[in-house]
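Inspection log for the structure reproduced underneath, given as structure tokens.
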Amino acid sequence: MDDKFLKPYDPAATEASIYKKWEDSGYFNPDNLPHADKGPFSIVLPPPNVTGTLHMGHAAMLAVEDIIVRHKRMQGYKTLWIPGTDSAAIATQSKVEKEIQKNEKKSRHDLGREELLTRIDAFTEESKTTIINQLRRMGSSLDWSRYAYTMDEVRYSAVMEAFVRMYDAGLIYRGNRIVNWDPKGQTTISDDEIVHEERKASLVTFTYSKDFPIAISTTRLETKVGDTAVAVHPDDVRYKEFVGKTYDVVFAGVPLHIKIVADQSVDPAFGTGALGVTPAHSQTDWDIAERHNLERPQVINEYAKMTVEGELNGKKVLEAREYVLEWLKKEGLLQKEEEITQNVSTAERTGGIIEPLPKLQWFVAVNKPIAERGGKTLKELMRDSVQSGGVTITPERFEKIYFHWIDNLRDWCISRQIWFGHRIPVWYKDGETKVSATSPGEGWEQDQDTLDTWFSSGLWTFSTLGWPEKTDDLKTYHPTALLETGYDILFFWVARMILMSQFLLGEVPFKNVYLHGLVRDSKGRKMSKSLGNIIDPLDMVEKYGADAVRLSLIMGAAPGNDLKLDENRIRGYKNFANKVWNITRFVLESTDTAGEGTVLPEDAVIVEEMRKMSVEVTKHIDDYRLDLAADAAYQCIWYRFADVILEESKPFIKGTDAARAASRATVLRQSLDIILATLHPFMPYVTEEIWGSLPNNKDLLMVESWPVAN
RNA sequence: GCGCGGUUAGCUCAGUUGGUAGAGCAUCCCCUUGACGUGGGGAGGGUCGUAGGUUCAAGUCCUACACCGCGCACCA
């Protein structure tokens, strides 16, 4: 027996060298697996931000994925887990911009596009090793030979190709429409990047002028200088006589031409039952204006400042709101002011208040029939993928949420006014437009905008496999078997991957989706810098070992449920690793003293019991109940094998019946093999370390056969 | 407003097709110095959110309601 078993298990002294052994073996790459005879099993790692650092959410994701991957690998599947990092366009650019502003007091406009991009590339290149090494620390058995970055050459050209194909199919178009403008981030954002925040607001009821017959209500007084109509419900008897009439007023110094229109979308029960229509600054109003052929003057610009004649010009929206209110009071037009709570749309990234503006942007059409896909729309393709069972979502309840999202989906705005990202492959020259991955020639100017980062992420399951080339990897590993990610990016990412894969490849991107919950602190609060309640996974790994951290993120975490993490629990699982260590010591001492021999039937039941435990663990893993799987193993190993079976074995081992002693020692040793193999996906480091010290074990545990057949 | 999830022991959570409530941690008591004190044995502790219903039998199925959390929504 190796002397190291006389001391407690020391993760810090073992983990680095074990990971190196795994990497050197080449077994992370499925091409090198010694016995992979069960067909392919592939997963892509949801790529973390290149410039980010590992947090508990990442650690939980890595634990879940690595457990499944290691389990499949041991079962004999040709198992591939592809690592990668994400450029995270907006997040990364603003991070670098902030740095430069702080250190050099320069804005991106001072630097210019090219210089900023050079700086960003240098920054991402430098910081990517951090996150990559952190992924390793968790024990992740990722195939680094297939590492991908969303902005590397292969992935960049995949994005260009995807854009061109979608454009050619009529699914990408440029249109002047109301978009979500983030004045803080100075870019458009998609509907999904909006967070609704409940805030108090003042609902003001007034008339445009003394002789205007209908009062309207609004929380955004400043936009009223952009009104071109008042809409009422067609059946509303109060206003019937006014429909079709027009009025000229001067409102807060701005001349307006207001038409009274009847529109089904108006709720007669709300407010006065009449709606002031501001086409350029509200989606609803834009639609009404379209139906009634109204003018759509823009009165607010990209900096959330007024652009009208007179006093108001140049004022910020909030100042303008005050100004108009004072004007109403002075003119005696104000009827009522009441406080209400309303949902304000803010940008997820910057927190800026969204300003709906009409802009010329690029969109993906989700309701357009696609000839080469049987006349189905993208929306239908996304819906069918899940409805048909081609993609299953765990836990199932998220399927409903997914359908609901699809049913409310509108065209996806994909152009962003930032510089870092995949540049839109559209070229302009003398009023002509060409769509092509590379420049059509002299004098053609490329579109200034870049693509929504989720556009490129949507290609991830196949761009990582070499698409658009027809590679062997693509043929072997796509569709991938599983996508594991947080429920918070179901729409952003999961849905977009289904969209892209269905259109570009005509197949689903993955067969199963497993959604994990969020990791919270022990009181159930979100971990955040401002609360100071962040538990750093790497600190925990240092203190208790990666195995303990992994277990703490699995146990008690049912799919889709948030997990409350407590440092005490991590400590508890470090104890478990040590327990396994000491079980090994006892078993090795037993074989040392009693020797190995023929197994008697009365002892064989012990091995059978351990095998049963392994069967149970297998079943739970197959159901994606890793929490129950880990718990079953924990219970059986500690409270059954260690507490009962080992205790009962002591008299036999030290007894005078040599045959019985040898039989018992042999059985313990066989049981240990099953225990280590079954535990390996969950606690890869300690099990591999022990395995390497056992006599008769040749190859690495990570490629040992799973104890029970499947 | 529509929808989803949660509500089981002090805390964190299990509870498979309905058959008299479980685990870990915490608490208390005891034991143990040749696998491990990061140990072992034991105890206390719950009218399973509320009110109804179905059933021989409900934590489990049905209907309301309450509270907490979340998602979606063009209520100005």
Notebook entry, point to check: Does residue A:360 count as more than 19 Å from the chain's Cα centre (by Cα), open to solvent by less than 50 Å² (accessible area, probe 1.4 Å) and within 30 Å of residue A:253 (Cα to Cα)?
Noted result: no
Checklist line | Positions within the stretch A:5-38 being assigned to a loop (DSSP other than H, G, I, E, B) and open to solvent by 30 Å² or more (accessible area, probe 1.4 Å), in sequence order | finding: A:7, A:8, A:10, A:27, A:34, A:35, A:36, A:37, A:38
Notebook entry, point to check: So, in the stretch A:45-104, of the ones that are small (Gly, Ala, Ser), open to solvent by 10 Å² or more (accessible area, probe 1.4 Å) and out of contact with any His (no Cβ under 9 Å at 6 or more places or on another chain), which residue ends up farthest from residue A:460 (Cα to Cα)?
Noted result: A:94
Next item on the list: With a cut-off of at least 3 residues that are polar (S, T, N, Q), name the helices (runs of 4 or more DSSP H) lying wholly within the stretch A:78-152.
Entry: A:89-104, A:113-137
Checklist line | So residue A:260, is it assigned to a strand (DSSP E or B), open to solvent by less than 20 Å² (accessible area, probe 1.4 Å) and either at pLDDT 90 or above or among the basic types (Lys, Arg) (or both) | finding: yes
Checklist line | Those residues of the stretch A:270-299 which are more than 13 Å from RNA strand B (Cβ to nearest atom), open to solvent by 50 Å² or more (accessible area, probe 1.4 Å) and closer than 14 Å to residue A:177 by Cβ, in sequence order | finding: A:296, A:298
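Residue by residue, here is whether (1) in contact with a strand residue (DSSP E or B) (Cβ under 7 Å, 6 or more places away or on another chain); (2) modelled with pLDDT of 95 or more; (3) more than 30 Å from residue A:15 (Cβ to Cβ); (4) among the small types (Gly, Ala, Ser) holds:
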position	(1), (2), (3), (4)
A:93	no, no, yes, no
A:128	yes, no, no, no
A:149	yes, yes, no, no
A:158	no, yes, yes, yes
A:182	yes, no, yes, no
Margin query: Given (1) open to solvent by 10 Å² or more (accessible area, probe 1.4 Å); (2) out of contact with any Asp or Glu (no Cβ under 8 Å at 6 or more places or on another chain); (3) touching a residue at least 60 places away in the same chain (Cβ under 8 Å), identify the lone condition not met by residue A:210.
Written below: (2)
Next item on the list: Looking only at the stretch A:509-516, decide whether some residue is closer than 19 Å to residue A:364 by Cα and surrounded by fewer than 16 Cβ atoms within 10 Å (Cβ to Cβ).
Entry: no
Checklist line | Conditions (1) modelled with pLDDT of 90 or more; (2) within 19 Å of residue A:710 (Cβ to Cβ); (3) among the acidic types (Asp, Glu): number failed by residue A:616 | finding: (1)
Next item on the list: Considering only residues that are charged (D, E, K, R) and surrounded by 13 or more Cβ atoms within 10 Å (Cβ to Cβ), look in the stretch A:519-548 and name the one that is farthest from RNA strand B (Cβ to nearest atom).
Entry: A:536
Note to self: Can you confirm whether residue A:503 is over 15 Å from residue A:80 (Cα atoms), in contact with a helix residue (DSSP H, G or I) (Cβ under 8 Å, 6 or more places away or on another chain) and at pLDDT below 95?
What the structure shows: no
Notebook entry, point to check: What are the residues in the stretch A:564-577 that are without any contact (Cβ under 8 Å) to a residue 40 or more places away in the chain, near RNA strand B (Cβ under 7 Å from one of its atoms) and either open to solvent by 30 Å² or more (accessible area, probe 1.4 Å) or over 11 Å from residue A:549 (Cα atoms) (or both), if any?
Noted result: A:568, A:575
Check: Pairs under 6 Å by beta carbon, first residue among the hydrophobic types (A, V, I, L, M, F, W, C) in the stretch A:499-519, partner open to solvent by 20 Å² or more (accessible area, probe 1.4 Å), six or more apart or different chains?
Finding: A:508/A:390; A:508/A:479; A:510/A:479; A:515/A:487; A:518/A:562; A:519/A:57
Checklist line | Answer from A:604, A:633 - the residue that is of a type in the set (Gly, Ala, Ser), more than 20 Å from residue A:555 (Cα to Cα) and open to solvent by less than 80 Å² (accessible area, probe 1.4 Å) | finding: A:604
Next item on the list: From (1) out of contact with any Phe, Trp or Tyr (no Cβ under 7 Å at 6 or more places or on another chain); (2) away from RNA strand B (no atom under 16 Å from the Cβ); (3) among the aliphatic types (A, V, I, L, M), pick out the condition that doesn't hold for residue A:703.
Entry: (1)
Note to self: Can you say whether residue A:228 is of a type in the set (S, T, N, Q), more than 10 Å from RNA strand B (Cβ to nearest atom), surrounded by 22 or more Cβ atoms within 10 Å (Cβ to Cβ) and modelled with pLDDT of 90 or more, as far as the supplied structure shows?
What the structure shows: yes
Notebook entry, point to check: Which members of the stretch A:200-216 meet the condition of being aromatic (Phe, Trp, Tyr) and either out of contact with any strand residue (DSSP E or B) (no Cβ under 7 Å at 6 or more places or on another chain) or assigned to a strand (DSSP E or B) (or both)?
Noted result: A:206
Check: Of A:241, A:161, A:197, which residue is surrounded by fewer than 16 Cβ atoms within 10 Å (Cβ to Cβ) and assigned to a helix (DSSP H, G or I)?
Finding: A:241
Check: Of (1) near RNA strand B (Cβ under 7 Å from one of its atoms); (2) in a loop (DSSP other than H, G, I, E, B); (3) open to solvent by 70 Å² or more (accessible area, probe 1.4 Å), residue A:558 satisfies all except one. Which?
Finding: (3)
Check: Does residue A:267 satisfy the condition of being within 16 Å of RNA strand B (Cβ to nearest atom), crowded, with 21+ Cβ neighbours inside 10 Å and among the acidic types (Asp, Glu)?
Finding: no
Check: Taking interchain pairs and intrachain pairs at least six residues apart, which have beta carbon atoms under 8 angstrom, with the first residue in the stretch A:1-24 and over 15 Å from residue A:692 (Cα atoms) and the second away from RNA strand B (no atom under 11 Å from the Cβ) and open to solvent by 80 Å² or more (accessible area, probe 1.4 Å)?
Finding: A:12/A:542
Check: Within the bounds of the stretch A:251-269, is there any residue that is without any contact (Cβ under 8 Å) to a residue 12 or more places away in the chain and within 41 Å of the chain's Cα centre (by Cα)?
Finding: yes
Notebook entry, point to check: Can you name every residue in the stretch A:578-598 that is open to solvent by less than 50 Å² (accessible area, probe 1.4 Å), away from RNA strand B (no atom under 16 Å from the Cβ) and of a type in the set (Val, Ile, Thr)?
Noted result: none
Margin query: Would you confirm whether or not the stretch A:669-680 contains a residue that is outside any helix (DSSP H, G or I), in contact (Cβ under 8 Å) with a residue 60 or more places away in the chain and either buried (at least 18 other Cβ atoms within 10 Å of the Cβ) or of a type in the set (Phe, Trp, Tyr) (or both)?
Written below: yes
Note to self: Could you go through the stretch A:440-450 and let me know if any residue there is open to solvent by less than 50 Å² (accessible area, probe 1.4 Å) and under 26 Å from the mean Cα position of the chain (by Cα).
What the structure shows: yes
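The values are calculated or read from the model by the stated rules, or taken from the named source; none is laboratory data. Predicted model only: the values in this text are computed from it and were never measured. Cβ coordinates were reconstructed from backbone atoms using ideal geometry, including for glycine residues, and neighbour counts include every protein chain displayed. Heads up: the accessible areas ignore ligands, DNA and RNA and are worked out on the full protein's heavy atoms, side chains in. Shrake-Rupley method; radii C 1.70, N 1.55, O 1.52, S 1.80 Å.
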